[in-house]
Amino acid sequence: MIKCLFIAVIVAVGVIVAQASDLNTRVVIYDGLATEVNAASGSIRDLWITTGDLTRLTRFVIKPQGVCRDQLCFPLPKNRKAEFIMKKDSLTWFNLSEFARLIKQPFAFDPKNGVWYFGVRAAEQTGYLASLEAPNFTLPDLNGKMHSLTDFRGKKVLLVTWASW
């Protein structure tokens with residue numbers, strides 16, 4: 001009986017150690033708030049967190065149209081989906097560091113202390129995104145007459161753009 005109990009304890013400890021090696025505690029600082037999360041083990045270059053932690057940390061949720069937060073939505077490149085989303089066991093994991101690279105959000109990682117810091121995106125620093133107000137610009141119409149966006153403030157405007165690249 002004692003021998004069976006000893007073997008059961010050894011097996012249980014092995015399972016716990018195996019689970020602990022798959023999950024690593026990290027501190028993530030996002031929007032100025034520090035939160036402790038379990039991260040999937042793997043590359044030191046990437047931070048894989050559960051989709052539940054993604055929402056808890058960043059208020060982003062994964063939707064069919066992309067990764068969304070309030071009115072803001074970033075589509076994920078279809079040919080790179082595996083770089084962002086992974087299913088492991090019964091959990092769905094999200095690569096927050098790769099997402100930051102996609103949206104050009106600066107971040108830093110301290111491997112010694114297990115801390116990830118995500119900074120403010122350049123577009124958010126200007127305030128245009130928060131206010132939903134486009135920055136002013138001036139361009140000529142087909143006849144060469146100059147028009148500024150501020151000339152149309154308070155009116156509905158349809159902007160049609162084109163690029164040759």
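The values are calculated or read from the model by the stated rules, or taken from the named source; none is laboratory data. This is a predicted model, so every value here is computed, not measured. Don't worry about glycine lacking a Cβ; one is built from the backbone with ideal geometry, like all the others, and counts go over all protein chains shown.
Worth pointing out:
- Of all residues in the stretch 84-100, exactly one satisfies the criterion of being at pLDDT 95 or above and among the charged types (D, E, K, R), namely Glu98.
- Tallying residues that are of a type in the set (D, E, K, R) and closer than 13 Å to Leu96 by Cα within the stretch 26-51 yields 3.
- Residue within the stretch 68-82 that is touching a Ser or Thr at 6+ places or on another chain (Cβ under 7 Å), under 30 Å from Pro135 (Cα atoms) and not basic (Lys, Arg) present: no
- Here the condition is being surrounded by 18 or more Cβ atoms within 10 Å (Cβ to Cβ) and without any contact (Cβ under 8 Å) to a residue 24 or more places away in the chain; of Ala100, Ala108, Ala40, it holds for Ala100 alone.
- Taken together, Arg56, Arg121 contain a single residue that is of a type in the set (Lys, Arg), free of Cβ contacts under 8 Å to residues at least 60 places away in the same chain and in contact with a helix residue (DSSP H, G or I) (Cβ under 9 Å, 6 or more places away or on another chain), which is Arg121.
- Residues within the stretch 140-152 that are hydrophobic (A, V, I, L, M, F, W, C) and more than 35 Å from the chain's Cα centre (by Cα), tallied: 2
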